[in-house]
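A short worksheet on the structure shown next.
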């Protein structure tokens, strides 16, 4: 049996209903795996008012370097309601 091990260190936000989604490498698709999880609420990491580590979004912005990547069409917006009527 070919077995391999990979260590993942990720920042993840736990949902309000205490669920955590973990994305794993494609090489593990369809396989039974053993998962060991250590949850650490690190109060020393400065966070913004929404709970994200300070600078997280700045580090993500511009990270897609594929020149063919584009936002798919979003459809048409319905007309705004007229509140004067």
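Read the figures in this text as sums done on the coordinates, not as results from a lab. In this text the structure is predicted, and so the values were computed from the model without any measurement. Here the Cβ positions follow ideal geometry from the backbone for every residue, glycine too, while neighbour counts run over all protein chains shown.
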Computed, not fitted: 222 nm per-residue ellipticity of the chain from DSSP H runs ≥ 4 (each -39500 (n - 2.57)), nearest 500, equal to -1000 deg cm²/dmol
Hypothetical label at residue 40: residues of segment 8-23 whose amide nitrogen lies under 18 Å (7 Å Cα-Cβ projection):
8-14
For segment 1-50 and segment 56-80, what is the separation of their Cα centres, given in Å?
25
Shape call, segment 44-85: gyration tensor on alpha carbons, a/c limit 1.5:
oblate
If every alpha-carbon in segment 14-62 counts as one equal scatterer, what log10 I(q)/I(0) does Debye give at q = 0.19, 0.27 1/Å?
-0.95, -1.13
Roughly speaking, what is the stretch gain from residue 15 to residue 54, that is 0.36 nm per residue apart minus the C-alpha to C-alpha distance, in nm to one decimal?
12.1 nm
Of the labelled options (1) 1.25; (2) 1.84; (3) 1.71, which one gives Cα Rg over 2.2 N^0.38 Å as computed for this structure?
(3)
